[in-house]
Amino acid sequence: PASPAVVVTEPEPAVAPDPASPVVAAEPAAAGKPGRKLSLKEKAARKKKQLGKAAARAKEAALETTRIKDPFVERLFDGCVVWSQDWKRDLWLYLKTENPFISTLFSHPDHPYSPAERRTGLVLATLYAIGIAFIFEANAANARTALIRALIIGGMLNWFFDYFYKYSVECPCVQRDSAACVKWCAEKFGQCICLIMTTIAGAILLNGIIFMTHPKERTDGSKKGSVGAAFWKFAVGMLESILFYSLVCSCVEFAIARRGQMKPADPKKLPVWSGKKRVRGLCGCGWKSPPGELWLKWVGEDKGFEALPPRPPT
């Protein structure tokens, strides 16, 4: 019988790849072997792609909604004053955050208005108060006028300066639910305002020193203003601002806020307190925020005073 035919196929000769082929250009270089050099057009396309990715990441980061990561700090930032059943400890927690002097020592380190910024504001307010005391002492017509101006007007101006500085540094409107780029712009604007306030404080201090070199004659025959008398009135004014104006204002604000945030025992007041029954704002403009907004957010509508812990967190 005839044997079957055997077909022998010879291997095709290897063909070198075309360097101009886009497939070859897209393949990475093998390990240990140099890859093909890219043309200027290909380098430009790759660079454009990298820049596009970087721009997309930057845009995503800029439009990311700002938030306060620590729930404890967020609750402090909200102005919550109902933490526990012990109102005295809640008051101390409030003073550690809101009082201009106590907060420089005991405020939370992660608060948007940091302890370092608070101490800087206290130093600026002190220099500002010294300048005001010098100006009042040098230009007063008599000793009584100098004392009244230093203790009343000087204390109020010092409190206003510290409050405005705090608001400029903290930028409370952009700390949450705002784009990161908006927060950055607002904080930079606040830093510019703080720089202007620093310049104002320095100018007032310099003018006070200049005025003290040539104080006016007193109409009542008393001794002309001196640096010692100005420093005495400044010290009294600062103590008055720390121990009276700021402390009393903080305690009154705490009492009013706690009374409004506390869940009422009268069922008839619950609709307005919880916001189910809306109330018009001042002069009928807009709607008031419900007094129990923070209680509903942090405690819960179904919980009462007995559900609060005996002590606030530290």
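Worth a mention:
- Applying the set (1) modelled with pLDDT under 85; (2) farther than 24 Å from Tyr163 by Cα; (3) surrounded by 12 or more Cβ atoms within 10 Å (Cβ to Cβ) to Lys277 leaves exactly one unmet item: (3).
- Failed criterion for Cys249 (all others in (1) surrounded by 17 or more Cβ atoms within 10 Å (Cβ to Cβ); (2) in a helix (DSSP H, G or I) hold): (1)
- Number of the condition not met by Ala44 [criteria: (1) part of a helix (DSSP H, G or I); (2) open to solvent by less than 30 Å² (accessible area, probe 1.4 Å); (3) free of Cβ contacts under 8 Å to residues at least 60 places away in the same chain]: (2)
- Condition broken by Val169, with the remaining ones in (1) without any contact (Cβ under 8 Å) to a residue 60 or more places away in the chain; (2) farther than 28 Å from Trp83 by Cβ; (3) not small (Gly, Ala, Ser) satisfied: (2)
- Only a single criterion out of (1) surrounded by fewer than 18 Cβ atoms within 10 Å (Cβ to Cβ); (2) at pLDDT below 80; (3) in contact with an Asp or Glu (Cβ under 8 Å, 6 or more places away or on another chain) is not satisfied by Arg218, namely (3).
- Only one of Leu147, Leu206 that is closer than 19 Å to Ser241 by Cα and in a helix (DSSP H, G or I): Leu147
- Residue in segment 287-303 that is farther than 23 Å from Asp78 by Cα and either surrounded by 16 or more Cβ atoms within 10 Å (Cβ to Cβ) or without any contact (Cβ under 8 Å) to a residue 12 or more places away in the chain (or both) present: no
- Every pair of residues 6+ apart whose Cβ atoms lie under 6 Å, when the first sits in segment 103-128 and is over 15 Å from Ala201 (Cβ atoms) and part of a helix (DSSP H, G or I) while the second is of a type outside the set (Ser, Thr, Tyr) and open to solvent by 70 Å² or more (accessible area, probe 1.4 Å): Thr104/Arg119
- Criterion violated by Asp177 - all others in (1) in a helix (DSSP H, G or I); (2) within 15 Å of the chain's Cα centre (by Cα); (3) modelled with pLDDT under 80 satisfied: (1)
- Inspection of segment 224-231 finds a residue satisfying the criterion of being buried (at least 17 other Cβ atoms within 10 Å of the Cβ), touching a Pro at 6+ places or on another chain (Cβ under 6 Å) and not charged (D, E, K, R).
The values are calculated or read from the model by the stated rules, or taken from the named source; none is laboratory data. As the structure is a computational prediction, the values presented were derived from the model and not from experiment. Cβ atoms come from the backbone with ideal geometry, glycine included; neighbour counts cover every protein chain shown. Heavy atoms of the whole protein, side chains included, go into the accessibility calculation; ligands, DNA and RNA do not. Shrake-Rupley method; radii C 1.70, N 1.55, O 1.52, S 1.80 Å.
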